[in-house]
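Read the structure below first, then the notes.
The values are calculated or read from the model by the stated rules, or taken from the named source; none is laboratory data. Given the structure is predicted, the values throughout are model-derived calculations rather than measurements. Glycine gets a Cβ as well: all are built from the backbone with ideal geometry, and neighbour counts include every protein chain shown. Accessible surface areas use protein heavy atoms only, side chains included; no ligands, DNA or RNA. Shrake-Rupley method; radii C 1.70, N 1.55, O 1.52, S 1.80 Å.
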Amino acid sequence: MAMIIDGKQLAADTRVQIAEQVRALKSRGIVPGLAVILVGDDPASHSYVRMKEQDCEEVGIASFDHRRSAGITQDELNALIDSCNEDHAVHGILVQLPLPSHLDEEAALARISAEKDVDGLHPMNLGSLVRGIEAPRACTPWGVMKMLERYSVELEGKRAVVIGRSSIVGKPQALMLLESNATVTVCHSRTVDLPGICREADILIAAVGRPKMIDADYVKPGAVVIDVGINRTAEGMVGDVDFAAVEPLASAITPVPGGVGPMTRAMLLANTVAAASRST
Ligand code: NAD
């Protein structure tokens, strides 16, 4: 029986700490502010943004809601980002991804001032991660690191395998694990013998986007398994890991929902408060 890594509870605890930091900032006259830019009518994006704005309200961060129709041009989006960059009440800017396909996501992320990049996806902040320089960290992998830390998962000298090489999860995750002295392998869609490589992992992190792909064949007995995947299926939201098959083998595992997702949102709040603190 694996220990269940309770991301929901850990995120709630983190929000309590963040609310305390917000109170301290407010006592010095600083109200942390997050601008949320949401383009189009993707239902999942709307639901994420709603939850993020609720989180802000809970901890006392002011959120500024900027919803735009899917027909917005790149120039209009750029102008909106520029106005948020210049707004002193805004310490963090979130552009909810994915953007409609006619818009250039990379250009939008790079347009956000690096200091206000609370998603940690600006090229400069990802570069800082490579260089080991303190900077806003990408929320999802940073949330995973906080979970591993909270549950005292030793990383130094351990074999970590990350499945997925996106700039949002897989690559920054690998760099963060490396920073913690794990020996890291990154797997992807062209990896040969994926199950064999995964079975070498002491810590296995799945960030693929394929429902229940990781079954018992991929897991070494005693491994710590972190499921980043969010897949909406007929049976509801499921992860990349077949929880029922893997849980009896693993020493610790995150559930979906209630695992990495809530921690991702908590890290957005943490990055916003850190940005507000730096602005003083
Ligand atoms: P992505 O599509 O950008 O990347 C997926 C990666 O998986 C790619 O690098 C690809 O090479 C790899 N891959 C695809 N098929 C594979 C296969 N058969 N074998 C091995 N590797 C394969 O996705 P992403 O943005 O990195 O997100 C991954 C998953 O994590 C999605 O389910 C997404 O919804 C979820 N996600 C969750 C959170 C959260 O807060 N929990 C945050 C971001 C993303």
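In the stretch 203-224, the residues that are over 18 Å from Val184 (Cα atoms) form Cβ pairs under 9 Å with partners that are among the aromatic types (Phe, Trp, Tyr), at six or more places apart or across chains, as follows: Lys212/Phe243. Selection within the stretch 93-146: residues that are more than 16 Å from the ligand (Cβ to nearest atom) and of a type in the set (Val, Ile, Thr). The member of this set that is nearest to the chain's Cα centre (by Cα) is Ile93. When you scan the stretch 181-190, do you find a residue that is surrounded by fewer than 17 Cβ atoms within 10 Å (Cβ to Cβ) and closer than 17 Å to Lys146 by Cα, even just one? Among the residues of the stretch 181-190, at least one is surrounded by fewer than 17 Cβ atoms within 10 Å (Cβ to Cβ) and closer than 17 Å to Lys146 by Cα, which makes the answer yes.
Of all residues in the stretch 239-274, those satisfying the criterion of being hydrophobic (A, V, I, L, M, F, W, C) and over 17 Å from the mean Cα position of the chain (by Cα) are Val241, Phe243, Ala244, Ala245, Val246, Leu249, Ala250, Ala252, Ile253. Listed by position, the helices (runs of 4 or more DSSP H) enclosed by the stretch 187-280 that each have at least 3 residues that are out of contact with any Pro (no Cβ under 6 Å at 6 or more places or on another chain) and within 11 Å of the ligand (Cβ to nearest atom) are 194-198, 260-278. Could you list, in sequence order, the residues of the stretch 96-127 that are closer than 22 Å to Ser279 by Cα and in a loop (DSSP other than H, G, I, E, B)? The answer is Ile112, Ser113, Val118, Asp119, Gly120, Leu121, His122.
Take Val36 and tell me if it is in a helix (DSSP H, G or I), open to solvent by less than 10 Å² (accessible area, probe 1.4 Å), touching a residue at least 12 places away in the same chain (Cβ under 8 Å) and not assigned by TED's automatic domain parsing to the domain that holds Ala245.
Numbers: in a helix (DSSP H, G or I): no; open to solvent by less than 10 Å² (accessible area, probe 1.4 Å): yes; touching a residue at least 12 places away in the same chain (Cβ under 8 Å): yes; not assigned by TED's automatic domain parsing to the domain that holds Ala245: yes.
Spelling it out, it is not the case that Val36 is in a helix (DSSP H, G or I), open to solvent by less than 10 Å² (accessible area, probe 1.4 Å), touching a residue at least 12 places away in the same chain (Cβ under 8 Å) and not assigned by TED's automatic domain parsing to the domain that holds Ala245.
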